[in-house]
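In what follows, a single structure is set out as structure tokens and then discussed.
Only the coordinates and a few stated rules stand behind these numbers; no lab work does. Because the structure is a prediction, the values reported are computed rather than measured. FYI the Cβ positions are ideal-geometry reconstructions off the backbone, even for glycines, and counts take in every protein chain you see.
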Amino acid sequence: MRGVTCDGSTIRLRHDLSEPSPLAGEVTLRVKLVGICETDLQLARGYMGFQGLLGHEFVGLTESGRRVTAEINNSCHSCPVCRAGRTNHCPNRTVLGILGHDGAMADHVCVPERNLHAIPDSLDDRQAVFIEPLAAAFRIPEQVDVGPGLAVTVVGDGKLGLLCAWVARSLGASVSLVGKHPEKLRLAGDSIRPVLRESAGSIARTQDLVIDCTGSKSGLETALSLVRPCGTVILKTTIAGEHQLSLAPVVIDEIRLIGSRCGPFPTAIAALEANTIDVRPLIGAEYLLDEAEEAFRAAALPGARKILLRVG
Ligand SMILES: [Zn+2]
Ligand SMILES: [Zn+2]
């Protein structure tokens, strides 16, 4: 079969891969559409040392033709961490297309049957590819109270930044979006206040909650400059690099610093179905799987919208 492999320094489309064999509890899906995520670009640069097939935002078909997507953490469901309800942190887990498990940029992918979520008929494939990243944005209100009266700033006007801004806005918060690209700030819509990076000083030390979605080293520093004393900073950025930052301001201003990763799929599906979040402005171009290498180059361009790969 065909698939997009990552060897930690480059990605390659291959035509000579053997069919995947399902592990216990897994089903084999026929892949329809996959999104290229910032994490895929990081993995291709060596983040996590991942080697294998990429792809964790996808739509597939079961053997009976049901349209599904899948949660990406393949957890053991029997260790103490899983039994305590923190399955996304299972120490025995693999992660689809990210850690120890081949992903969905291929003709077929195997995933645990219990990770499947049916895609409602009202959502097309292109919207459904956003379920995984939108779920990650909905992780934030699981971790902190977000609602009316809260001043929220999202730093980073990439796709995850816009999703996080829309989620906070949908819950009633006053949301500002800090970014470098006026056209991407406009994409966020009228209900989100656009703030160009160079003017962010105007809201320094005023924000109740600041969410770093920059995907860059400087994001945490910017977030810490905007949050008010005793406020909260949420880190969504994972980068293949190290921070060199004084954390004294975190202590002096008693900032709560929270890491945030995967979130609830059912909430994301419900928001897309109810159209409280419209992801369609984020869609860039659609390529065929056979054009994967070109598609990755397009996804890596600054300011790129979501690049999709049509598989079947
Ligand atoms: Zn992703
Ligand atoms: Zn476990």
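Between Gln244 and Asp7, what is the label-point separation in nm under the 7 Å Cα-to-beta-carbon projection?
3.2
Based on the alpha-carbon gyration tensor of the chain and its eigenvalue square roots a ≥ b ≥ c, which shape applies: rounded if a/c is under 1.5, prolate if not and a/b is larger than b/c, or oblate? List each step's numbers first, then the result.
Values: a/c = 1.65, a/b = 1.57, b/c = 1.05.
Prolate, since a/c reaches 1.5 and a/b exceeds b/c.
Give me Thr267, Thr206 sorted ascending by neighbouring Cβ count inside 10 Å, so fewest comes first.
Values: Thr267 18, Thr206 14.
By the 10 Å Cβ count, ascending, the order reads Thr206, Thr267.
Tell me, Ile140, Ile258, Ile277, Ile252 in order of fewest to most beta-carbon neighbours within 10 Å? Walk me through the numbers before you get to the answer.
Working: Ile140 24, Ile258 16, Ile277 21, Ile252 9.
Exposure proxy ranking, most exposed first: Ile252, Ile258, Ile277, Ile140.
Magnitude of the Cβ-charge dipole of the chain, K/R +1 and D/E -1, about the Cα centre, nearest 20 debye?
Values: 32 positive and 35 negative charges, 101 e Å.
The calculation lands at about 480 debye.
Counting other C-beta atoms within 10 Å, which of Phe58, Phe130, Phe265 has the fewest, and how do the rest follow?
Phe265, Phe130, Phe58
For the charge dipole of the chain, defined by +1 on Lys and Arg C-beta atoms and -1 on Asp and Glu C-beta atoms about the Cα centroid, which residue among Cys82, Ile203, Ile234 has the Cα displaced farthest towards the positive pole?
Ile203
What whole number of Å gives the distance from the Cα centroid of the stretch 93-139 to the Cα centroid of the stretch 47-80?
6
Using 5 Å bins from zero, what percent of all Cα-Cα pairs in the stretch 31-148 falls into each bin?
With a bin width of 5 Å, the distribution comes to 2, 11, 19, 21, 20, 15, 8, 2, 0.
Return the FRET efficiency for the residue pair His15, Ala204: r is the Cβ-Cβ distance, R0 is 45 Å, and the value is rounded to the nearest 0.05. Show your work: numbers first, answer last.
Values: r = 53 Å, r/R0 = 1.18.
Taking R0 as 45 Å, the efficiency between His15 and Ala204 is 0.25.
Suppose the chain between Asp124 and Asp253 were pulled fully straight at 0.36 nm per residue; how much longer would it get relative to their current alpha carbon spacing?
On the way: separation 129, 0.36 × 129 = 46.44 nm, distance 4.56 nm.
Using 0.36 nm per residue and subtracting the Cα-Cα distance, I get 41.9 nm.
Give the relative contact order (percent, whole number) for the chain; include only Cα pairs under 8 Å separated by 6+ residues.
Values: 705 pairs, mean separation 58.5, N = 312.
That works out to 19 percent.
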